[in-house]
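Chemist: Dropping a structure here in structure tokens format, bear with me for questions.
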Amino acid sequence: SKSLSDEENLKLFGKCNNPNGHGHNYKARLLISFLFSLQIDPVSGMVINLTDLKEYMQKAIMEPLDHKNLDKDVPYFAEVVSTTENVAVFIWENLKKLLPVGILYKVKVYETDQNVVVYKGEETISE
């Protein structure tokens, strides 16, 4: 965090505090909501076309984040600490811009098998 001293960053972030950065292989899972207000397309039988969903995921997640140094290559993280929590918020906000209203239920981001963040808009649940 740019707002903390080197000592404070070390105390707060431990081994993840590295001025040259460090890598993660995040996994993200999206849960699409099937609410009664959403209509199933009578021709396709789907709430959202999976080809369209894959395209939205490519634009919202892969293009801005894949093989990137979050702190240096992603403008959003220039002022926001690149924690797993903030990665989940970033993904949520990007997807919400592309998906039909009300369809995104939650974003689940795995930093490791033990470090998982679930984000549902303003409601965050750690698992």
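Read-outs throughout are calculated quantities, based only on the coordinates presented, and are distinct from any laboratory measurement. For clarity, every value in this text was computed on a predicted model and none was experimentally measured. All Cβ positions, glycine included, derive from the backbone under ideal geometry; neighbour counts span all protein chains shown.
Chemist: Looking at this model, which pairs from K11/K106; K68/K120; K27/K97; K72/K96 are more than 28 angstrom apart at the alpha-carbon? Intermediate results must be reported in sequence, preceding the final value.
Modeler: Details: K11/K106 31 Å; K68/K120 25 Å; K27/K97 21 Å; K72/K96 24 Å.
Result: K11/K106 exceed 28 Å.
Chemist: Give me the distance in nm between label points sitting 7 Å out from Cα along the Cα-to-Cβ direction at S44 and E8, one decimal.
Modeler: So the label points at S44 and E8 sit 4.8 nm apart.
Chemist: Going highest first, how would you order 114-120, 66-72 by mean Cβ packing within 10 Å? List each step's numbers first, then the result.
Modeler: On the way: 114-120: 16.3, 66-72: 12.4.
Ranked from most to least packed, the peptides come out as 114-120, 66-72.
Chemist: Also, quick follow-up: What is the sum of charges around T83, taking Lys and Arg as +1, Asp and Glu as -1, for the other residues whose C-beta is under 13 Å from the C-beta of T83?
Modeler: Values: positive: none; negative: D71, E85, E111.
Local charge sum for T83: -3.
Chemist: What percentages, rounded to whole numbers, describe P(r) for segment 25-119 computed over all alpha carbon pairs with 10 Å bin width beginning at zero?
Modeler: 15, 46, 28, 10, 1
Chemist: Place a +1 charge on the Cβ of each Lys and Arg in segment 25-119 and a -1 charge on the Cβ of each Asp and Glu, then give the dipole magnitude about the Cα centre in debye, rounded to the nearest 20. Don't jump to the answer; show the numbers that get you there.
Modeler: Numbers: 10 positive and 12 negative charges, 40 e Å.
My answer is approximately 200 debye.
Chemist: Using modelled backbone amide H atoms (1.01 Å from N, in-plane), which distant-in-sequence or interchain residues come within less than 5 Å of Y26's amide H?
Modeler: none
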